[in-house]
Structures are given as C-alpha cells and as structure tokens.
C-alpha cells in the first residue's frame, strides 16, 4: 500500500469552483460529524476513476500543522473576502472510506446528492484520499473500460435484441448512466445485471432510484416494467455460457425490490438452469420475504446479497422504513439461505463513525456469530452524511474505533469471513 511521504494539505474550491490546496493547513477528516486529523497511513493516492466534488454551502475544515486542532477556513486565503467551498472525493469502486470530508455546513445549504464523500488532500503532485482498497477484483476499474468498444458493442446488441425490453433498458444504463455492470454485460464479461422490479416494499431514505421528497434527486431512473422470464433468460443464458467469471444478478440500483417479483424470478431461474449450469445466479435484495427466498433457493438461486445500513434495528428501520416486513424477517432470510446450503453476503453500507462505532461493531459480531454469512461487501454509504445521521437519530456521543481498527478486528475475530466489494463466483 502506497502512502504519502509527508502530510497532505487541505484542498478547497474557490469562488469559480477551481480546486486548489492550502499548505498552511493539513487535510482533516470527519467521523459521524466529529473532526479529526487522519494519520498519514490513512491516505492512499486518489484511485483512477474517482471524482472530486465541490460541496455547496459547506466551508472546509483543516488541521493546524503542529497541534492537529481542527480549524475552519471561512474565505479564500489567496483572495481574501472571496467565498470558498469544501471538497470531497467520490471513490471509484472497490475502495472504502476511512473518513468523510471535513466541513461546516452553512445556513440554508442544499442537501448533498446521493454520493459518498471521502476526505481528500494534496501532497507532492497528486491528490490523496482517506481510504483503502477493499477488493482486488478489477471488474469495475476505470482502466478496464474502453468507451469506443462499449459504444460499438452496445449498439450491436441493442440492434440484435430490439424486441427485448430488458436489453433496451440496460442499454440506457450503460450509455446514459455509465453503469459498470451494464457496461460489462455489453462487453460480455464478469457480472451482468438483471433488473426486474419497478416497485419496492421499503422507502429507503437514500434510495438512488426513487426520491419522492423533491429535496434530493435520484441518481438514475427506475425500471418501469417487469421483464418476462423469457426476456431475463435471453440476457442471462448467453452471458453465463460465454462470459469469463460469469455472474448474473437480480437487484440493481435501477429498480425496487426484486423479491416482489418472486414468481417471475423463480420461472426465470428455472428456465436459465434448464439451458446452462455454468456461472452464478445471484440476488441483491433487502431480504424482506423469507418464504420467497426459500422458493428461489430451491429453484437454483446460488447466492444472496443482503443490504444493511446497520445490524441494529433501531438504526436499520429509520433508514429502510420497511413496508410490511421487519428486521427479523431480514435475519430469517439469511437463516433460510444458509440452511439451503447457499452463499450469503452482507451488502454493508459504510459510514465512518457509525459503522465503526463500538455498539455497531458488537451488533455486527453477534450477527456474524449466529447467522454465519460468508462475506461482507464494504460499500460506501451514498448519502449526505449529516442527513443520514439525522434520519436515523444517531447518537453523536457513541465511541468509534476507527475504520482501520474495525477492519483489523473483523479479520482477527472472523478469519474465515470473506471481505470484499463485489459478488463472488460461488459455483
């Protein structure tokens, strides 16, 4: 792991949105609203494919170079009196935040869009972010995508499958939203998406495909139809037969909850397995319907990825706002899938200061010990951190261990547990 030889300095955006650094202050980080000075080893070079975001209505916070005290930068030090804004990094896939960007929100500041906001600084000749690589798999690395090849192969597939609505939907995901999974489908490799459900039985505060409040825009459109088993099979079978490290996954960011289409999924899985036994059929889900999980496992579902923002019900329910199910149903679905001898991952939303709080760590360890899932996928929470803390009524006095210590302790206590970012092959 590469770390900076010295300490990265604070970066900010000037009144025109240009990003620069201020060497008089070190970069700071934020953990559940609390400012802190990152260690030098918390920083890695900003990964290729990451983006820098300017945070409107938020003033940057840095650290005193000697004492480490958090200090607010209120205007442009190079052009006094000019307004400035904080900056954050949106990390490329397979990277997990150690600290969030440090800032102070001003009055009437807009809510931040549904992305993750990692602390970033400048040292030498590059940006450095407080993060670690959580999966060595390169399937969504920026270096793996050639836009000309994507455009060509997508156009060819869309023309050949003009009557398959699911293929046409994935074409929009690929070309309009740049979805890495959709790109990989059209490139004929790795994991391909199978969105199926226009409806959901949860009202997640940070849902990326449906925001009814008008205070924060969804980042992509939700699918508007339920594909037929034949349309699903038409996508899945050739991919499983031909792709390297082939996986197909129900449950994507462009849909609601796929378990609400359990009848369609069951028929599709049976149809797929009649034609090929190659590759992994996976379901990304809120795991709200244990009986449906049992049916799908019997039909041939290989793996289940269960999304969780917290392993404590008091924080889970205010985020998911479940409709007609409870946290206990989620736990039962894990039991059912494991009882069927299948693979279970936790899609665990990471927010520094919350995920690594001592109470959350203890609750996670209890779940890992009792239910024995096979893998944790470390996914940065895509949501305004302050909005999230408010939404779940998080107790700011809770003590956190630090994400690096959290990771080390999980590895020590559960040596057989897989840690990563992606759905693995399980067949």
* If you line up the long axis of helix 358-371 against the longest principal axis of the chain, both from Cα atoms, how many degrees apart are they, to the nearest 10? -> 20
* Asked: Can you sort 122, 387, 128 so the residue with the fewest Cβ neighbours within 10 Å comes first?
  -> 387, 122, 128
* Structure fact -> Taking 362, 384, 234 and counting other beta carbon atoms within 10 angstrom, the fewest-first order is 362, 234, 384
* Measure off 7 Å from each Cα along the Cα-to-Cβ vector at residue 143 and residue 67, then give the distance between these two points in nanometres to one decimal. => 4.4
* **Gyration tensor verdict on segment 304-427 (Cα atoms; rounded if a/c is under 1.5, prolate if a/b is larger than b/c, oblate otherwise)** => oblate
* To do: Classify the chain as rounded, prolate or oblate, taking a ≥ b ≥ c as the square roots of the eigenvalues of its Cα gyration tensor: rounded when a/c is under 1.5, otherwise prolate if a/b is larger than b/c and oblate if not.
  => prolate
* To do: With runs of 4+ DSSP H residues as the only contributors, calculate the mean residue ellipticity of the chain at 222 nm using -39,500 (n - 2.57) per run, divided by the residue total and rounded to the nearest 500.
  => -9000 deg cm²/dmol
* To do: Order the peptides 10-16, 321-327 from the highest to the lowest mean number of other Cβ atoms within 10 Å of their residues.
  => 10-16, 321-327
* Asked: How do 348-358, 366-376 rank on mean C-beta neighbours within 10 Å, highest first?
  -> 348-358, 366-376
* Chain lengthening between residue 365 and residue 276 when straightened (0.36 nm per residue, less Cα-Cα) -> 28.3 nm
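What is the Å³ per residue value for the convex hull set by the Cα atoms of segment 1-122?
Numbers: hull volume 13.4 nm³, N = 122.
Expressed per residue, the convex hull around the Cα atoms of segment 1-122 is 110 Å³.
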* Asked: Hey, rough spin-label estimate for residue 168 and residue 328, points 7 angstrom out along Cα→Cβ, what's it come to in nanometres?
  -> 4.5
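Where does each of 233, 317, 50 land when they are ranked from fewest to most other beta-carbon atoms within 10 angstrom?
Ranked by crowding around the Cβ, least crowded first: 317, 50, 233.
If you stretched the chain out fully between residue 387 and residue 405, how much longer would it get, using 0.36 nm times the residue separation minus the C-alpha to C-alpha distance?
Length gained, residue 387 through residue 405: 3.9 nm.
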* Working from Cα positions, state the angle (0 to 90°, nearest 10) between the long axis of helix 147-160 and the longest principal axis of the chain. => 30
* Does anyone have the angle between helix 327-339 and the longest principal axis of the chain? Alpha-carbon axes, 0 to 90°, nearest 10? -> 50
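Let me know the shape class of segment 253-298, please: from the alpha-carbon gyration tensor, a ≥ b ≥ c as square roots of the eigenvalues, rounded when a/c is under 1.5, otherwise prolate if a/b is greater than b/c, or oblate.
Note, shape of segment 253-298 comes out prolate.
Readers should treat all values here as calculations from the given coordinates under stated rules, not as data from a laboratory. Keep in mind that this is a model prediction, so the values were computed, not measured. Reconstructed Cβ throughout: ideal geometry from the backbone, glycine too, with neighbour counts over all protein chains shown.
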